[in-house]
1. Among the residues of segment 94-117, write down those that are under 13 Å from L74 (Cα atoms) and either touching a strand residue (DSSP E or B) at 6+ places or on another chain (Cβ under 7 Å) or touching a residue at least 12 places away in the same chain (Cβ under 8 Å) (or both).
2. Would you be able to tell me the number of residues in segment 42-93 that are among the aromatic types (F, W, Y), open to solvent by 30 Å² or more (accessible area, probe 1.4 Å) and assigned to a helix (DSSP H, G or I)?
3. Does segment 22-37 contain any residue that is open to solvent by 60 Å² or more (accessible area, probe 1.4 Å), of a type in the set (F, W, Y) and modelled with pLDDT of 95 or more?
4. When the residues of segment 123-150 are filtered to those that are farther than 19 Å from R35 by Cα and within 17 Å of the chain's Cα centre (by Cα), which remaining residue is surrounded by the most Cβ atoms within 10 Å (Cβ to Cβ)?
5. Would a scan of segment 97-116 turn up a residue that is among the hydrophobic types (A, V, I, L, M, F, W, C), surrounded by fewer than 16 Cβ atoms within 10 Å (Cβ to Cβ) and more than 20 Å from A31 (Cα to Cα)?
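The values are calculated or read from the model by the stated rules, or taken from the named source; none is laboratory data. Quick caveat, the model's predicted, so the values are computed rather than measured. Quick reminder, even Gly has a Cβ in these numbers, built from the backbone with ideal geometry, and neighbours come from all protein chains shown. Keep in mind that these areas ignore ligands, DNA and RNA; they rest on the heavy atoms of the full protein, side chains included. Shrake-Rupley method; radii C 1.70, N 1.55, O 1.52, S 1.80 Å.
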Amino acid sequence: MKLKQLFLGATLCALTFGATANSVFEEPSDAIEYRQAAFSMIRVQIGDMGDMLKGKVPFDAEQFKHRANNAAALSKMPWEAFVAGSDKGDTSALPAIWSDNETFMKKAAAFQQYADELAVAAKTGDKKVIAKAFGPWAKGCKDCHTSFKD
């Protein structure tokens, strides 16, 4: 009986979230603020990991793993906030995001995949393995900026 109640509760929560997911951003400025916050948090992760790999700060495998896990989670967040109307306002997003959304979303998916691969590599604690996975993720970040960010 408890399992049935738990399942029913989870189903209702999922349906409720699904019904409201598209209305999370009441104003385009909310979406802009959300995605900028997500990208700011990603920037912290990439900066710390990059500094470790460049030798600017001591390499700490546990800290790197923590940052890589954060990056993997955060890499999935900004894309939902590129909603209609959020191309105007305080944003560096270029119009190409909306005019060539298919390419933009492919780059977003690749960025997410690279972040997931980096998190897996970070579990090894091996700096060489990690560096090999970090390169494509950082490049994925830069590639998107080149085409889609002012």
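1. Of all residues in segment 94-117, those under 13 Å from L74 (Cα atoms) come to 108-109, 111-116.
Scanning segment 94-117 gives A108, F111, Q112, Y114, A115, D116.
2. So the count comes out to 0.
3. Checked segment 22-37: at least one residue is open to solvent by 60 Å² or more (accessible area, probe 1.4 Å), of a type in the set (F, W, Y) and modelled with pLDDT of 95 or more.
4. Kept after step one, since they are farther than 19 Å from R35 by Cα, are these residues of segment 123-150: 123-136, 139.
In the following step, the residues that additionally are within 17 Å of the chain's Cα centre (by Cα) were identified as 133-136, 139.
On the way: A133: 20, F134: 24, G135: 13, P136: 17, K139: 13.
So, considering only residues that are farther than 19 Å from R35 by Cα and within 17 Å of the chain's Cα centre (by Cα), the one surrounded by the most Cβ atoms within 10 Å (Cβ to Cβ) is F134.
5. No, segment 97-116 has no match at all.
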